[in-house]
Amino acid sequence: MTPDELKSLVRAIPDFPKPGIQFRDVTTLLADPAGLKAVIDGLASIARPVDADLVVGIEARGFILGAALAVALGTGFVPVRKAGKLPGKTVGIDYVLEYGTDRLEIHEGQVPVGARIILVDDLIATGGTALAAAQLLREQGASVEMALFAIDLPELGGMAALKADGVATSALMAFAGH
């Protein structure tokens, strides 16, 4: 599938979660068998040369894409969760959002020192969550080799922020606006 064909499978929901935002909903793409396969195949073709040890997915849609990508690459998968969602002992990082703060966590010891990581989420906007996840992984001694996304909203600068932080990035499609 071409990027335009994939884009046609992404539903736009105006004024969500607030007025002026054009929410890009990937659940419609995930429900399409050919679209889902094309996204995983596309991400895998970008990721394969990295020879990663783990794929790490950011809550929540990053779990879907990340787990499928891990299977395609033959690696393990680690979820990055919001605070209080993991049952075991965790390590975490607090970070600033547009309208407050949040916290991301992983299970303590789940990411080995020296692990080569591919970070995955469905969409990159401002990059705040992905930057925090990358920092959390680095604090565990891992190397974030690449961050992959199905969708980039380039006007919001998230991929540029990740690149400035030393993380190679790629997305399968881009949408203007936010």
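The values are calculated or read from the model by the stated rules, or taken from the named source; none is laboratory data. Predicted, not measured: the structure shown is a model, and the values here were computed from it. Positions of Cβ are generated from backbone atoms using ideal geometry, with glycine treated the same way; all protein chains shown enter the neighbour counts. Only protein heavy atoms, including side chains, enter the accessible area calculation; ligands, DNA and RNA are left aside. Shrake-Rupley method; radii C 1.70, N 1.55, O 1.52, S 1.80 Å.
Assorted remarks:
- Restricting the range 120-162 to residues that are touching a residue at least 40 places away in the same chain (Cβ under 8 Å), open to solvent by less than 20 Å² (accessible area, probe 1.4 Å) and farther than 18 Å from Phe77 by Cα leaves a set whose member that is farthest from the chain's Cα centre (by Cα) is Leu153.
- Residues in the range 81-119 that are open to solvent by 80 Å² or more (accessible area, probe 1.4 Å) and in a loop (DSSP other than H, G, I, E, B) were compared, and the one that is nearest to Pro49 (Cα to Cα) is Val113.
- Listed by first and then second residue, the pairs linking a residue in the range 66-77 that is closer than 7 Å to Val55 by Cα to a residue that is assigned to a helix (DSSP H, G or I), with Cβ atoms under 7 Å apart and 6 or more places separating them unless they lie on different chains, are Gly76/Ala70; Phe77/Gly66; Phe77/Ala67; Phe77/Ala70.
- Options Arg48, Arg61: the member that is of a type outside the set (A, V, I, L, M, F, W, C) and either more than 14 Å from the chain's Cα centre (by Cα) or within 28 Å of Val113 (Cβ to Cβ) (or both): Arg48
- Qualifying residue in the range 1-24 (condition: part of a helix (DSSP H, G or I), among the β-branched types (Val, Ile, Thr) and either in contact with a Leu (Cβ under 8 Å, 6 or more places away or on another chain) or open to solvent by 20 Å² or more (accessible area, probe 1.4 Å) (or both)): no
- Residues being part of a helix (DSSP H, G or I) and either touching a Ser or Thr at 6+ places or on another chain (Cβ under 9 Å) or within 21 Å of Ala67 (Cβ to Cβ) (or both) - total across the range 135-172: 9
- Hey, Thr126 at pLDDT below 95, part of a strand (DSSP E or B) and not aromatic (Phe, Trp, Tyr) or not: no
- Residues being open to solvent by 30 Å² or more (accessible area, probe 1.4 Å), in contact with a Gly (Cβ under 8 Å, 6 or more places away or on another chain) and part of a helix (DSSP H, G or I) are represented in the range 50-63 by at least one member.
- Some residue of the range 36-43 being modelled with pLDDT of 95 or more, open to solvent by 80 Å² or more (accessible area, probe 1.4 Å) and in a strand (DSSP E or B): no
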